[in-house]
Amino acid sequence: MGLLCYFRKAFLFTLIGFFLAGCLGWFYTGTLIGVFHFFYICCLLTFLEISLSFDNSIVNARVLYSMPLKWKKRFLTWGIMIAVFGTRIILPFVIFTIAIRSDPISAFYLAVWQAQDYARIMKDAHIGISAFGGTFLMMVGLRYFFDSKKKVCWIPCFEDFARKLAFAYGVDVSLVLILILIFSVLVDPMNSYTFLVWAISGLLVFTLLEVFSLILRALGNRMDRNFRGLAAFIYLELLDASFSFDGVVSAFAFSINPLIIAIGLGIGVFYVRSLTLFFVENQAMTRYRYIEHGAFYAILIVSIIMYLQTLFYVPELITSLSGVCFVLVAFYSSIRYNREHSVD
């Protein structure tokens with residue numbers, strides 16, 4: 001299958017999304033300039049989502065390799081609906097509704113017709129969002145490197161050290177707890193409790209998923225494949241939600257309108273899913289030995305940036321490009337390795 005064939009659905013949704021963005025521009029402004037402005041914002045948000053979640057597509061592909069075929073298809077169909085409507089539209093709206101302590105109808109009216117208030121409240125909630133998402137992603141990244149069975153290293157000075165420390169049980173959890181304590185002191189005293197509660201919640205959710213995974217492995221063949229597929233599906237959706245937190249909050253730097261944010265980020269999700277399918281069917285993890293490393297380094301960088309965002313403003317350009325740069329460098333390193341060792 002050619003490369004462009006993987007992006008047919010993404011191209012179709014791009015056309016639909018751009019059309020909807022133009023309609024919103026005309027609805028809110030009634031001018032062609034407004035239409036082109038909304039179209040431009042939609043393009044920026046799509047790029048933001050792709051750049052922030054590029055590494056997510058690689059991690060998704062890694063998990064999908066071992067998923068049952070039925071659940072793999074469900075993730076690429078149901079999962080994309082959850083990603084677009086659940087984590088990019090409904091989840092931020094739920095956070096907004098809880099924050100203003102209102103009913104959903106009143107909250108929806110405020111979000112659509114008083115977008116300034118919606119943007120302000122969502123930005124005020126970024127402490128808890130960044131704490132939860134940053135902690136969860138940090139554990140995902142550290143758990144990959146703190147693995148005593150890991151054989152392939154891309155950056156030996158860090159990865160060899162992490163592999164040796166992996167024999168000390170819980171070292172990754174200890175490091176994250178230390179960071180949580182440090183940042184809970186550094187953040188504004190009014191937000192310290194919020195940061196601490198949400199960060200611990202992120203760590204707890206990750207730990208519960210790990211325990212769940214260990215139980216499934218212990219049961220082995222006695223466990224129904226459907227149940228194991230469901231567990232992997234839930235893990236991927238939680239991982240996607242953690243990535244989406246950063247994207248949704250960063251999106252307010254481009255627009256305060258929740259509808260155009262949902263459209264722009266939704267288009268990006270389709271491209272991320274297309275990349276995931278491409279990586280799976282072309283065995284990118286095997287052909288390019290360091291690309292997986294680059295993705296997990298990118299996850300660590302994003303998690304650190306999310307923590308730093310609780311202290312000061314981090315430009316969206318840095319957030320969006322940092323992960324992509326790591327993945328691209330890892331990809332180049334993999335190609336160079338293949339050439340030096342004559343790997344097809």
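The values are calculated or read from the model by the stated rules, or taken from the named source; none is laboratory data. Not measured: the values here are computed from a predicted model. A quick note on method: Cβ atoms are made from the backbone with ideal geometry, for glycine too, and the neighbour counts reach across all protein chains shown. Surface areas here come from the heavy atoms of the whole protein model, side chains and all, with no ligands, DNA or RNA. Shrake-Rupley method; radii C 1.70, N 1.55, O 1.52, S 1.80 Å.
For the chain, take the longest principal axis of its alpha carbons; what is the angle in degrees between that and the long axis of helix 258-281, to the nearest 10 within 0 to 90? For helix 258-281, the angle is close to 20 degrees. Here the contact order of the chain, divided by its residue count and restricted to Cα pairs under 8 Å and six or more residues apart, works out to 35 percent.
For the chain, the longest principal axis of the C-alpha atoms and the axis of helix 156-165 are separated by about 70°. Per the Debye formula on identical point scatterers at the alpha carbon atoms of the chain, with no solvent, log10 I(q)/I(0) at q = 0.08, 0.14 Å⁻¹ is -0.40, -1.23.
Ignoring ligands, DNA and RNA, please state the percent of accessible area on region 23-92 from carbon and sulfur, probe 1.4 Å. Heavy-atom surface of region 23-92 belonging to carbon and sulfur, 1.4 Å probe: 79 percent. Sum up the charges of everything whose Cβ sits under 14 Å from the Cβ of residue 263, counting Lys and Arg as +1 and Asp and Glu as -1, but leave residue 263 out. Net charge in that neighbourhood comes out at 0.
Each peptide in 54-66, 170-182 was scored by the mean count of other Cβ atoms within 10 Å over its residues; highest first, the order is 54-66, 170-182. Counting only protein heavy atoms and a probe of 1.4 Å, the accessible surface of region 285-344 is 64% carbon and sulfur. Extension gain, residue 282 to residue 74, is 72.9 nm, computed as 0.36 nm per intervening residue step minus the present C-alpha separation. Site pair residue 11 and residue 66 shows an inter-label distance of 3.6 nm when each label is modelled 7 Å from Cα along Cα→Cβ. Based on Cα contacts under 8 Å between residues 6+ apart, region 290-330 shows a relative contact order of 68 percent.
Sort region 9-77 into rounded, prolate or oblate with this rule: let a ≥ b ≥ c be the square roots of the eigenvalues of the Cα gyration tensor; rounded if a/c is under 1.5, and if a/c is not under 1.5, prolate when a/b is larger than b/c, oblate otherwise. It comes out prolate by the Cα gyration axes. Evaluated over the chain, the count of Lys pairs having alpha-carbon atoms less than 26 Å apart is 7 (only pairs 8 or more residues apart or interchain). Compared with the dominant Cα axis of the chain, that is its longest principal axis, helix 91-100 is turned about 60°.
Accessible area per residue for the chain, computed on protein heavy atoms with a 1.4 Å probe, is 50 Å².
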